[in-house]
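The values are calculated or read from the model by the stated rules, or taken from the named source; none is laboratory data. All of these numbers come straight from a predicted model, not from anything done at the bench. Here the Cβ positions follow ideal geometry from the backbone for every residue, glycine too, while neighbour counts run over all protein chains shown. Protein only, heavy atoms only, side chains kept; ligands, DNA and RNA dropped before computing areas. Shrake-Rupley method; radii C 1.70, N 1.55, O 1.52, S 1.80 Å.
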Amino acid sequence: IRTLKEVDLIAAEDTRQTRKLLTHYEISTRIVSYHEHNKGASGPELIRMLITGQSIALVSDAGLPAISDPGYDLVRLAIEAELPVVPIPGANAALSALIISGLPTISFLFMGFLPRDRKSIHGRLDQVKRIQGSLLFYESPHRVAKSLQEMLECLGDRQIALVREITKRYEEAVRGSITECLE
């Protein structure tokens, strides 16, 4: 909260959601949009502002910026410009979900979002099917059933946990085999 109050600018993936947070904490810092669809134009402009001495906080829709998020591209641009990047740890959906999943936590691989087309999905799943640790994926609600079908086909009927709304009011976890979770 202190950082959001002290920076010159806040770059947000979804300004409407971020504005709710800022309003709640009475933060009046200027906010600009930075997301997947405008990062090509906005990223270099944000870097230019940083080079001139301004400070910018990057916030994400959910979770940590730069983890399956367009913030990664901004971080790369900052590093290329030899600018410091300072993380402020916060909630991380993937690790929080792993913690409550009941699946092994000693070894895991975060895979982010699966591709959209079937061939690419199968290619990605084939790459990880022999991994012994837990596999962590992000998926949008309208694609969960399709992705589970593809996982069942490629990975077998292994034990999984579906976790949604992690750290929020309606947090929910469903555990079982892929077949059970599909039901």
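The slack between Arg164 and Glu6, meaning 0.36 nm per residue of separation minus the straight C-alpha distance, is 53.6 nm. For the chain, with a Gaussian network of springs between Cα atoms less than 10 Å apart, report the residue from Glu26, Glu13, Glu139 with the top mean-square fluctuation. Top of the fluctuation ranking is Glu26. Once both labels are positioned 7 Å from their Cα atoms along Cα-to-Cβ, the gap between Ile88 and Thr105 label points is 2.6 nm. Past the 31 Å Cα-Cα mark, which pairs from Lys5/Lys168; Lys20/Lys129; Lys119/Lys168; Lys39/Lys168; Lys5/Lys146; Lys20/Lys119? Flagged as over cut-off: Lys20/Lys129; Lys119/Lys168; Lys5/Lys146; Lys20/Lys119. Peptides 56-68, 91-103 ordered by packing proxy, namely the average of other Cβ atoms within 10 Å per residue, highest first: 56-68, 91-103.
Only beta bridges with both residues in region 26-180 are counted; by DSSP, about 55 percent of them are antiparallel. Under 5 Å from the amide H of Val32 lie the amide H atoms of Ile10, Ala11, Ala12, each residue being 5 or more positions distant or on a separate chain, with H modelled from the backbone and absent for Pro and chain starts. Each helix, a run of at least 4 DSSP H residues, gives -39500 (n - 2.57); summed and divided by the residues of the chain, these come to -12000 deg cm²/dmol at 222 nm. Between the beta carbons of Glu80 and Met49, assuming R0 = 22 Å, the FRET efficiency works out to 0.90 to the nearest 0.05. A simple rule links phi to the HN-Hα coupling: the Karplus curve 6.51 cos²θ - 1.76 cosθ + 1.60 with θ = phi - 60°, which for region 176-183 gives x, 6, 4, 4, 4, 5, 5, 5 Hz, with x for Gly and Pro. Database remark: amide H of Ser177 closer than 5 angstrom to the amide H of Ile160 (H placed geometrically; neighbours at sequence offset of 5 or more, or on other chains; Pro and chain starts carry no H). The portion of the accessible surface of region 113-183 made up by carbon and sulfur, rounded to a whole percent, is 48 (1.4 Å probe; DNA, RNA and ligands excluded).
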